Amino acid sequence: MGKSTKTQTIPVKTRILSENDRLAAENRAWFVKQGIFVVNLISSPGSGKTTLLVDTLNALKGKQHCAVIEGDQQTSLDANRIAETGFPVRQVNTGRACHLDASMIKNAVSELAVTGLDILFIENVGNLICPAEFDLGEHCKVVLMSVTEGEDKPLKYPVIFHLSRAVVMTKMDLIPHLRYDPLLAEKNIRKINPQAVILRTSTYTSDGLQDWLDWLVTQKSHLPL
Ligand SMILES: Nc1nc2c(ncn2[C@@H]2O[C@H](COP(=O)(O)OP(=O)(O)OP(=O)(O)O)[C@@H](O)[C@H]2O)c(=O)[nH]1
Ligand SMILES: [Mg+2]
């Protein structure tokens, strides 16, 4: 009984992922055609995704046309915070699911005003594991890593650190209160992804925000990617 359940589960998972990949490829082709740069933000719950997004959007006002898709299991709390910036936002509630998938993005995009859009930010559900498995059709993944999580996260959750083009270290203002070694954290990131751009930021002091904005705009200017 246990054996037959196992042999049935693997093909189902493969089918789900391959169907997701097909939809993600459709999304990506459409984004490229429209010239929209799409960034998928991934981190543990509470690492600072929404706070960084709010500051990013406020800084990009009048310079880039942006929109946001917010992923959470429940509530519209994050979408409400984004809406205060004045940029268009759609909240996707995933219920029991621990990640966004390509079909959710396709549906959310159809409800957004995307004409003339430069950058679409996707805030994934707070989770370092499941979102790494699901391509959304984005141009790049960015993983956030707050200093309160410890230096070892890249080693323990290597898939998302390997797949991300940039790693944003957040809450750097808290360093004086912690036993956290940013150099060790960077060394661990490098072990998993030697090419990743590593940015040290704090939304409380705005340190590193300009580097993050410059990186985003440079990536956007390299479209199609
Ligand atoms: N000290 C400090 N706290 C921060 C910083 N950025 C965010 N926070 C705090 O971290 C908490 C969580 O921030 P959010 O931006 O909601 O985190 P999130 O990753 O969007 O959380 P989920 O969407 O629930 O996964 C809030 O209390 C923020 O004020 C920072 O740079 N420094
Ligand atoms: Mg959030």
Quiz item: Amide H to amide H under 5 Å from VAL89: which residues, 5+ apart in sequence or cross-chain, H placed 1.01 Å off N in plane?
Solution: VAL68
Self-check item: Amide H contacts of SER146 (H built 1.01 Å from N, under 5 Å, at least 5 apart or other chain)
Solution: THR170
Quiz item: Once fully extended, how much extra length lies between ILE198 and LEU77, figured as 0.36 nm per residue of separation less the alpha-carbon to alpha-carbon distance?
Solution: 40.7 nm
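May I ask you to derive the relative contact order of the chain, considering only C-alpha pairs under 8 Å and at least 6 residues apart, and to give it as an integer percent?
Working: 395 pairs, mean separation 52.6, N = 225.
That works out to 23 percent.
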Practice problem: For the chain, just give the cysteines left without a disulfide-compatible partner, judged by no other Cys Cβ under 4.7 Å. | Solution: CYS66, CYS140
Practice problem: Count charges around ALA79 for me, please; just the other residues with Cβ under 15 Å from its Cβ, Lys/Arg as +1, Asp/Glu as -1. | Solution: -3
Self-check item: Of VAL109, VAL159, GLY71, farthest towards positive along the dipole that unit charges on Lys, Arg, Asp, Glu beta carbons give the range 2-221
Solution: VAL159
Quiz item: In the structure displayed, which of LYS49/LYS156; LYS13/LYS187; LYS33/LYS63; LYS106/LYS220; LYS153/LYS187; LYS13/LYS191 lie more than 23 Å apart, Cα to Cα?
Solution: LYS13/LYS187; LYS13/LYS191
Self-check item: More than 17 Å apart - percent of Cα-Cα pairs taken over the range 114-225
Solution: 57 percent
Quiz item: Which number do you get for Rg(Cα) / (2.2 N^0.38 Å) in the chain?
Solution: 1.02
Self-check item: Size of electric dipole in the chain: Cβ of Lys, Arg +1 and of Asp, Glu -1, about Cα centre, debye, nearest 20
Solution: 640 debye
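Throughout, read-outs are computed from the coordinates displayed, never taken from laboratory work. This is a predicted model, so every value here is computed, not measured. Note that we place each Cβ from the backbone using ideal geometry, even for glycine, and neighbour counts take in every protein chain shown.
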